[in-house]
Amino acid sequence: MTASDEPQRTAGTALPPPRHKRLFLVALSLLATALFLGLGIWQVERRAWKLDLIARVEARLAAPPVPAPGRAAWPTISRDADEYRRVMARGRFLPDRAVRTLAVTEKGAGSWLLEPLVTEAGDTILINRGFVPAEWQPSPGDGEGSATVTGLLRLPEPGGGFLRSNDPAHDRWYSRDVAAIADAKGLGPVAPYFIDADASGNRPGAPVGGLTVLAFRNHHLIYALTWFGLAALSGYAAYRALRER
């Protein structure tokens, strides 16, 4: 073959990669496309779940309070069916068994005051009476006598807080761990939930109730569009690789 018979290359024009390399790029691009599509669909499903959760919680908040679930209903308590229900309970507090758990609220840093309530039916329920600053001390007679509590049913926060574990031996609590608190204070069987007291019982010098934060992050649509966009780019890369000659 003479030099004149060799394929002519136009200056500045790059030849496509060898066939095996192009097939590898196509396979890799298609795999990425499938992965990104799966993640996008997952975020769409997560968004539907989150919207349903928000709707359910809003409906519970708008409903009148119902009696707090008694001992017979404890085994059936679940996050999906019960959390953030408005409930009420009547009984007497046990101030000497109260604990304070770390809290950071709109009123600053301090503690939640969790105090056991023995209901008229004999059940024991932990009540988050509200926020207290670090220097707070109960006034004489606080928590004594019969009391009616209304608030939101909440599920326990076992273990502790971020990078901090509860320390029952030294009465240091970083989360509202119902079972651990009941065990440390010798309360016996307690409800598998606690009640966040609302603001109806607020009075000067008492714990401040009604500070439950109800905010649900819902960025799933943005995440879904991001994944679908990456899937489109990966698919286009596979198309370009297939089209090369």
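The values are calculated or read from the model by the stated rules, or taken from the named source; none is laboratory data. Worth saying up front: this structure is predicted, and the values here are computed from it rather than measured. Heads up, the Cβs are rebuilt from the backbone with ideal geometry, glycines too, and the neighbour counts pull from every protein chain shown. To get the accessible areas, we keep the full protein, side chains included, count just its heavy atoms, and leave off ligands, DNA and RNA. Shrake-Rupley method; radii C 1.70, N 1.55, O 1.52, S 1.80 Å.
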**Message:** Quick check on region 40-181: what are the equivalent-ellipsoid semi-axes from the Cα gyration tensor, as sqrt(5λ), descending, whole Å?
**Reply:** 28, 21, 15
**Asked** In region 167-219, which chymotrypsin sites (Phe, Trp or Tyr not before Pro) fall in coil by DSSP and have 12 or fewer other Cβ atoms within 10 Å?
**Response** Phe216
**Asked** Lys/Arg Cβ at +1, Asp/Glu Cβ at -1, dipole of the chain taken about the Cα centre: which of Thr148, His220, Leu113 is farthest positive-ward?
**Response** His220
**Message:** Within region 127-169, name every residue whose backbone N is under 17 Å away from a label modeled 7 Å from Cα of Ser200 along the Cβ vector.
**Reply:** 127-130, 146-154
**Prompt:** Where the centre of each part is set by its Cα atoms, how far does region 123-197 sit from region 220-240, in angstrom?
**Reply:** 47
**Item:** region 35-122 - percent of accessible surface contributed by carbon and sulfur, probe 1.4 Å
**Value:** 59
**Item:** Ranked packing of 108-114, 218-224, 127-133, most packed first, by mean Cβ within 10 Å
**Value:** 127-133, 108-114, 218-224
**Prompt:** Can you tell me the Rg and the Dmax, both Å, for the Cα atoms in the chain?
**Reply:** 29.7, 109
**Fill in**
Rounded to the nearest 10 Å², the 1.4 Å probe accessible area of Thr76 is 100
**Item:** Compactness of region 159-222, expressed as Rg and Dmax over alpha-carbon positions, Å
**Value:** 15.8, 48
**Prompt:** Whose amide H sits under 5 Å from the amide H of Thr105, counting only residues 5 or more places off or on another chain, with H placed in the peptide plane?
**Reply:** Gly110
**Item:** Rounded accessible area of Asp80 (nearest 10 Å², 1.4 Å probe)
**Value:** 90
**Prompt:** What does the accessible area per residue of the chain come to in Å², with a 1.4 Å probe and no ligands, DNA or RNA counted?
**Reply:** 61
**Item:** Computed accessible area, Thr119, all protein chains, 1.4 angstrom probe, square angstrom
**Value:** 20
